[in-house]
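Here's the structure we're looking at; comments come further down.
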Amino acid sequence: METTETPKKTARDKVIVAARMLMTGQGYSATTVDTIVREAGVAKGSFYHAFESKQDLALAALEDFAIQAWSVVSSGPYRQESDAVRRALAFVDFLEESAESLWAQGSLLGSLAVEVADKHPELRQRISNLFSRYEDKFVRLFAPALEARGVQQPAARELAVHLLAVIEGSAITARSHGEARYLRAGLAHFGLYLRLLLGETPRV
């Protein structure tokens, strides 16, 4: 009988996981290479074998965060909805249900965005690109729903930017209060707004 073994994490993988956790929790500047390798349980030489610098690692961590987060989001049951309006609403509902598992520890994008905006142009540009990628994915869900109901304002792009602001703002609020429920609350309010915008009955 064949068995499927979980691939062992490489030193590079461990460093990325540690960097994501530490940079999300305490920021980019406060996270040192020494702290990262200690948390990852690898030798310092392993870090410099895989990455040229802490900034190089941060870029990899951002990409890893984006890929893993979207792999969760893209697996939702909303994908099976053929009706554009129901699909958009089910998508936001799924975000609400998944919010705590995705952003209970905060958002790496949001954590780094404010801190590195003026000091690290390459990181800022990568963050901007990742936000744009999320916007594009949201637009592909919202545009058909808005068109189906004849809604011209807001545009799908504006709605996508609004959703990103809700996610990042809710993550900050949840971290500030130490209560993950603020994540779901923020997305629930966005879901209510979207239902009213599309002429749907609010959830009870």
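Please treat every number below as a calculation from the coordinates, not as lab data. This is a predicted model, so every value here is computed, not measured. Glycine also receives a Cβ, built like all others from the backbone with ideal geometry; neighbour counts cover every protein chain displayed.
So the values come out like this:
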{"item": "When the stretch 5-60 is reduced to its Cα atoms, the Kirkwood hydrodynamic radius in Å", "result": "11.1"}
{"item": "For the stretch 180-186, Karplus couplings with θ = phi - 60° (6.51, -1.76, 1.60), whole Hz, Gly/Pro x", "result": "5, 4, 5, 5, 5, 4, x"}
{"item": "Sequence of THR10, THR24 once ranked by neighbouring C-beta atoms within 10 Å, starting from the fewest", "result": "THR10, THR24"}
{"item": "Cα-based Lys pair tally, the chain, threshold under 26 Å, eight or more apart or on separate chains", "result": "9"}
{"item": "Degrees, to the nearest 10: 11-26 long Cα axis against longest axis of the chain", "result": "60"}
{"item": "Options [x] 1.14; [y] 1.33; [z] 1.07 - which one matches Cα Rg over 2.2 N^0.38 Å as calculated here", "result": "[x]"}
{"item": "In the stretch 132-166, trypsin sites (Lys or Arg not before Pro) in a DSSP loop with at most 15 other beta-carbon atoms within 10 Å", "result": "ARG149"}
{"item": "Net charge of Cβ neighbours under 13 Å - reference VAL37; Lys, Arg +1; Asp, Glu -1", "result": "+3"}
{"item": "Estimated distance in nm for a label pair at SER71 and THR10, the labels positioned 7 Å out from Cα along Cα-to-Cβ", "result": "1.5"}
{"item": "In the stretch 1-99, the trypsin sites (Lys or Arg not before Pro) that fall in loop regions by DSSP, at most 10 other Cβ within 10 Å", "result": "LYS8"}
{"item": "Selection from ALA66, VAL114, PRO154, by position along the positive dipole direction of the stretch 62-154 (Cβ)", "result": "PRO154"}
{"item": "Full-stretch length increase - GLU122, GLU179 - with 0.36 nm per residue and alpha-carbon distance subtracted", "result": "17.3 nm"}
{"item": "Sequence-distant residues sharing a close amide H with ALA104 (under 5 Å, placed H)", "result": "none"}
{"item": "Formal net charge of residues neighbouring PRO77 (Cβ-Cβ distance under 12 Å; K, R +1; D, E -1)", "result": "0"}
